[in-house]
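Accompanying notes for the structure given below.
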Amino acid sequence: DELNDKISQSLNKRFYQSEFMCLESYPGQIWIPDNTVALVSLKLHSQNTGKKYSIFKDWVTYAKKHFLDKETGLLCSTIDPKTGQQTEEPRGAMLGWSIFFMYRFDKEFANEQYQEYKEKFSDNIFVFRLFRERYQDRKTDMYGDIDSGPIIWGYSIPANTFAFADAVTMDDLYTAKRLHRLIKFGSQELEQNNEITYKTRFVEVKTKPLAEALLLYFETITSWEGY
């Protein structure tokens, strides 16, 4: 408890000391998704201890003014630690993750971003809904990067997996079901030695335990309130 208190106090202090209301993920590099996780850590500390923080409202106010992409109105992925300017546009892998965590400390802003994300980054195809990695990109077929993994016709696995988590969280069960069909279609469940593991279909991607744990969590999300 004492260590958690100290870390939380330090995080809160550093947010306010930072020039752009964001902490660096690595020296000289700022990712917006990582900052949403740090903020949720403070939200959990607040729930567990009763300590009140103003950082949530202040960060969202600042983000709305400085971190929203002009073309899409969605949160950018990274900013320049020297200028605070956007250095990478909104991306599916980043947006889905950010929205999922923002919901824990600002439901209204998270829902606004989710609706924009769904409208501008996704397509209904047959019984599926697919989320793109980048805005209006329906052609790219390549290996993206460590965050996106392979990109097929503009769609990435993380973008759709995190969008599924968002849809469940927002109680958008229609979209969640269409995304879940896609996830089940693109994955295979294996049982060996009384252990269930997963692998992807159609594309060579080694599924890691973290990815399996995240998917299981997204399928069984419950409210954090009251715990």
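The values are calculated or read from the model by the stated rules, or taken from the named source; none is laboratory data. This structure is a prediction, so every number in the text was calculated from the model and none was measured. Positions of Cβ are generated from backbone atoms using ideal geometry, with glycine treated the same way; all protein chains shown enter the neighbour counts. Protein only, heavy atoms only, side chains kept; ligands, DNA and RNA dropped before computing areas. Shrake-Rupley method; radii C 1.70, N 1.55, O 1.52, S 1.80 Å.
Surrounded by 14 or more Cβ atoms within 10 Å (Cβ to Cβ) and either among the acidic types (Asp, Glu) or in contact with a Cys (Cβ under 6 Å, 6 or more places away or on another chain) (or both), is that true of residue 172?
Details: surrounded by 14 or more Cβ atoms within 10 Å (Cβ to Cβ): yes; either among the acidic types (Asp, Glu) or in contact with a Cys (Cβ under 6 Å, 6 or more places away or on another chain) (or both): yes.
Yes.
Per this entry, residue 144 is counted among residues that are open to solvent by 10 Å² or more (accessible area, probe 1.4 Å) and under 20 Å from residue 74 (Cβ atoms). Under the condition of being touching a residue at least 12 places away in the same chain (Cβ under 8 Å), outside any helix (DSSP H, G or I) and more than 19 Å from the chain's Cα centre (by Cα), the residues counted in the stretch 16-68 number 5.
Can you tell me how many residues in the stretch 107-134 are within 13 Å of residue 60 (Cα to Cα) and open to solvent by less than 40 Å² (accessible area, probe 1.4 Å)? Total meeting the criteria: 3. Does the stretch 100-119 include one or more residues that are without any contact (Cβ under 8 Å) to a residue 60 or more places away in the chain and in contact with a strand residue (DSSP E or B) (Cβ under 6 Å, 6 or more places away or on another chain)? Looking through the stretch 100-119, none of the residues is without any contact (Cβ under 8 Å) to a residue 60 or more places away in the chain and in contact with a strand residue (DSSP E or B) (Cβ under 6 Å, 6 or more places away or on another chain). Only one entry in 169, 140, 175, 197 is touching a strand residue (DSSP E or B) at 6+ places or on another chain (Cβ under 7 Å), among the β-branched types (Val, Ile, Thr) and in contact (Cβ under 8 Å) with a residue 40 or more places away in the chain, namely 175.
Residues of the stretch 9-45 that are surrounded by 14 or more Cβ atoms within 10 Å (Cβ to Cβ) and over 21 Å from residue 63 (Cα atoms): 45 alone.
Here the condition is being aromatic (Phe, Trp, Tyr), assigned to a helix (DSSP H, G or I) and either over 20 Å from residue 153 (Cα atoms) or under 13 Å from the mean Cα position of the chain (by Cα) (or both); of 101, 105, it holds for 101 alone.
So if I check each of 208, 184, 177, 199, which one is open to solvent by 40 Å² or more (accessible area, probe 1.4 Å), within 23 Å of residue 147 (Cα to Cα) and at pLDDT 75 or above?
184
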